[in-house]
Amino acid sequence: MNAPAIWILFPILLGCILTLLRSQRLITLIAGITCTLLALAAILIPIDTLLVIREFTFKLSPIFEVLGRRLTLDNSHRSLLALLYAAAAFWFSAASAHRMTRQLVPLGLIITALLVAALAVEPFLYAALIIETAVLLAVPLLAPQDKGPGKGVLYFLVFQTLAMPFILFSGWLLTGVEANPGDVTLITRATALLGLGFAFLLAIFPFYVWIPLLSEEAHPFIIGYILWIFPTISLFFGLSFLERYAWLRTAASLPPTFITVGSLMIFMGGLLALFNRHLGRMLGYAVMAETGFSLLAIGLGGTFGMNTFLLLLIPRVMGLGLWSFSLSSIQESVPDLTLQAVKGMARVWPFSSTGIILASLSLAGVPILASFPAHQAIWNALVTDSLSALVLVFTGSLGLTIAAIRVMIALASSPEGSAWGVRESWSQRTFLVLGCVFVFLLGLIPAGSALLWEKLPSLFAHLGQ
Amino acid sequence: MNLLAWLAFTLLLAAACINILRQDWRWNIASLAVQYLGVFWLVHASWSISLASVKLVTGWVVCTLLAIAHINTRMNAEKEGSHWSQGWFFRLVVICLLITVSYVGSTGLGSWLGMSLPTAWGGVLLISIGLVITGLSTHPFRLVMGLLTALAGFEILYAAVESSALVAGLLSIINLGLALAGAYFLLHPTDKVPA
């Protein structure tokens, strides 16, 4: 047995089989259990170590060869695998509460496995091709048959596709730089192409246009999943470049660039969320700001930067999951998700309204909620590193907080005498209550998530130094 | 060999010009098919004929997919009156500009990557024309066509630096995936996106 077969090939095969099934309950059950087992296996089973269980002995080989190239998953990947599949288990199980199972789960499982493959493939440049394949698979999710394509999905396809050639070509240049580290022209070209590629991939300003459009058009639950998994994997892919090339990692201009770009993204995200009136778009802008926080954490560098980057991961999953799940519930009874349309919904959708408010406040970095510890660590570091960046970050966070308060006011302001009620189903209430509790718990006990990410830094041994 | 490369470049140029200027899907798909013939020949300058033929086969399958989608969609009834793109004079000027700019860009690129001028120029021209097609329209078919054109240009250039069969295979999958996405968009049209 080998690890890539378990965490990559098996989920892809299962995803293909699930597309053939019709029963929502069966698909949810199979996908939910499989993803949970894969996450547990990633935590419990060591790779490349001989295991003896009674008379059975087995060893998970870390390498799978395909056409002369290798997929490698070793012990350093285990925490990431656990995080990805645990999040997938949540998303796929929760999809049944919104009757989105057949639409999301089979393709979602294949996309998750492909993105794991993108992190496992060697040479790692091939990841750009695999990510693009995952992007193409996401198209039917984002433009369902009954709605057709909007501008958002078209721009998503264009920008993500344009990233691939830049990254592939820069990869070829980077191998040249390895051979001639003194060639300044080559270094400049490689860096410029790489920067452009990742700007497209991570929707960095000004290439973010598809995020708000898509957040308005697509189903909120699906957009939550897409806007979580693609930027997360792209960030890890970007880190693998930094990990591999010492000259890139140690470049003096790198930290200020990351800090500037990151703080600009937080500023833009916060400001655009503040002046927007669509709850879906606000979610998109919050994702922009989150990408900014990750870039900022990388820019801060060293062990602190890496730890903060990893500390952001779980609160982000929780925040996006809760926000998109809550929006999906409310969407069932309103024509659109504008502030005007959702006015007074807290009276009839109390759980979902609480979920939206808590998730948006959490992603804004409000104290005692999940994202606060990581955001606070970044603010503290910026006080000494860059005051101008701190002002931008603070303004962006303030924008997100005020936007969340506006949403709260809209949800709570119902005409006098409106009846109270609870429209959420029991399954929806269960997921929402669990989500809200976790958002609080992670804020109060941030070390609780350390179990999952404490081994992740071994994936980036050089960066964490 | 060089004469054939120039012939392939001329094919690319003609096909790309038609794709910018005409809005008739039959013409567009036919030019795309011709374009892939040119791509095949220019890639053949760097790769063996068997590996380069992957580009041709993939390209023609892409064209077939898009044509079948068009035949099966209501969209083929749109705008039967005018097949010339609006602002054709502007587009003609854009083509002239692109030819000039891509020539300037490809002379240095060709010597750097060790490619002949028609190959480098063909690649850069396709990338720039593909980006212009993508940028000038929000119609799903034209957008996908623009992406395919830009990708074809990139493949010509990338073939000079990477000759892996796996890369060729993955790029083929991506081309086919883009065509399938295009077909999917065509078969589920919406009023939101203007032609």
Taking only the stretch B:107-123 into account, find how many residues are crowded, with 24+ Cβ neighbours inside 10 Å and part of a helix (DSSP H, G or I).
-> 6
The stretch A:46-70, residues that are in contact (Cβ under 8 Å) with a residue 40 or more places away in the chain, within 14 Å of chain B (Cβ to nearest Cβ) and of a type in the set (A, V, I, L, M, F, W, C) = A:Phe64
Using beta carbons and a limit of 6 Å, which pairs, at least six apart or on different chains, have the first residue in the stretch B:1-30 and touching a residue at least 12 places away in the same chain (Cβ under 8 Å) and surrounded by 14 or more Cβ atoms within 10 Å (Cβ to Cβ) and the second one among the charged types (D, E, K, R) and part of a helix (DSSP H, G or I)?
-> B:Ile20/B:Arg91; B:Leu21/B:Arg91
Just one listed residue, out of A:Ser79, A:Ser96, is at pLDDT 85 or above, in contact with a Leu (Cβ under 7 Å, 6 or more places away or on another chain) and away from every other protein chain (no Cβ under 14 Å), and it is A:Ser79
Tally, over the stretch A:104-163, of residues that are β-branched (Val, Ile, Thr), facing chain B (nearest Cβ under 8 Å) and touching a strand residue (DSSP E or B) at 6+ places or on another chain (Cβ under 7 Å) = 1
Within the stretch B:122-139, the residues that are among the polar types (S, T, N, Q) and under 23 Å from B:Val43 (Cα atoms) are B:Ser128
Residues of the stretch B:6-52 classified as farther than 20 Å from B:Trp88 by Cβ and touching a Ser or Thr at 6+ places or on another chain (Cβ under 6 Å), total | 3
Considering only residues of the stretch B:135-151 that are of a type in the set (A, V, I, L, M, F, W, C) and under 12 Å from the mean Cα position of the chain (by Cα), which is farthest from the other protein chains (Cβ to nearest Cβ)?
-> B:Met145
Any residue at all in the stretch B:166-178 that is touching a residue at least 60 places away in the same chain (Cβ under 8 Å) and more than 11 Å from every other protein chain (Cβ to nearest Cβ)?
-> no
Which number in (1) modelled with pLDDT under 90; (2) under 25 Å from A:Pro315 (Cα atoms) marks the one condition that A:Val422 misses?
-> (2)
Based on what the data block shows, is B:Val132 without any contact (Cβ under 8 Å) to a residue 60 or more places away in the chain and either more than 10 Å from chain A (Cβ to nearest Cβ) or at positive phi (or both)?
-> no
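Looking at the stretch A:346-373, which of its residues are of a type in the set (A, V, I, L, M) and without any contact (Cβ under 8 Å) to a residue 60 or more places away in the chain?
Passing the criteria: A:Ile357, A:Leu361, A:Val366.
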Do we have B:Phe154 as among the aromatic types (Phe, Trp, Tyr) and away from chain A (no Cβ under 12 Å) here?
-> no
Residues satisfying the stated conditions in the stretch A:164-182, i.e. within 7 Å of chain B (Cβ to nearest Cβ) and over 30 Å from B:Ser137 (Cα atoms) = A:Trp172
Return the pairs, sorted by first residue and then second, in which the second residue is among the β-branched types (Val, Ile, Thr), the first residue lies in the stretch B:50-66 and is closer than 15 Å to B:Ala159 by Cα, the beta carbons are less than 6 Å apart, and the residues are 6+ apart or on different chains.
-> B:Ala52/B:Val43; B:Lys55/B:Val39; B:Lys55/B:Val43
Of the numbered conditions (1) facing chain A (nearest Cβ under 10 Å); (2) under 16 Å from the mean Cα position of the chain (by Cα), B:Leu187 fails exactly one; give the number of that condition.
-> (2)
Among the candidates A:Gly176, A:Gly171, which residue alone is part of a helix (DSSP H, G or I) and in contact (Cβ under 8 Å) with a residue 24 or more places away in the chain?
-> A:Gly171
Residue satisfying all of: in the stretch A:411-432; among the hydroxyl-bearing types (Ser, Thr, Tyr) and part of a loop (DSSP other than H, G, I, E, B); nearest to A:Trp349 (Cα to Cα) among these | A:Ser425
Report yes if some residue within the stretch A:338-345 is over 22 Å from A:Leu272 (Cβ atoms) and either assigned to a helix (DSSP H, G or I) or free of Cβ contacts under 8 Å to residues at least 60 places away in the same chain (or both); otherwise report no.
-> yes
The condition of being buried (at least 20 other Cβ atoms within 10 Å of the Cβ), on the phi < 0 side of the Ramachandran plot and in a helix (DSSP H, G or I) holds, among A:Pro212, A:Pro255, only for A:Pro212
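Does A:Leu242 qualify as being surrounded by fewer than 21 Cβ atoms within 10 Å (Cβ to Cβ) and touching a residue at least 60 places away in the same chain (Cβ under 8 Å)?
Numbers: surrounded by fewer than 21 Cβ atoms within 10 Å (Cβ to Cβ): yes; touching a residue at least 60 places away in the same chain (Cβ under 8 Å): yes.
Yes, satisfied.
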Given (1) over 26 Å from A:Val116 (Cα atoms); (2) modelled with pLDDT under 90; (3) among the aliphatic types (A, V, I, L, M), A:Leu173 misses just (1)
Tally the residues that are farther than 17 Å from A:Ala374 by Cα and surrounded by 18 or more Cβ atoms within 10 Å (Cβ to Cβ), restricting the search to the stretch A:393-405.
-> 3
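The values are calculated or read from the model by the stated rules, or taken from the named source; none is laboratory data. Keep in mind that this is a model prediction, so the values were computed, not measured. Glycine also receives a Cβ, built like all others from the backbone with ideal geometry; neighbour counts cover every protein chain displayed.
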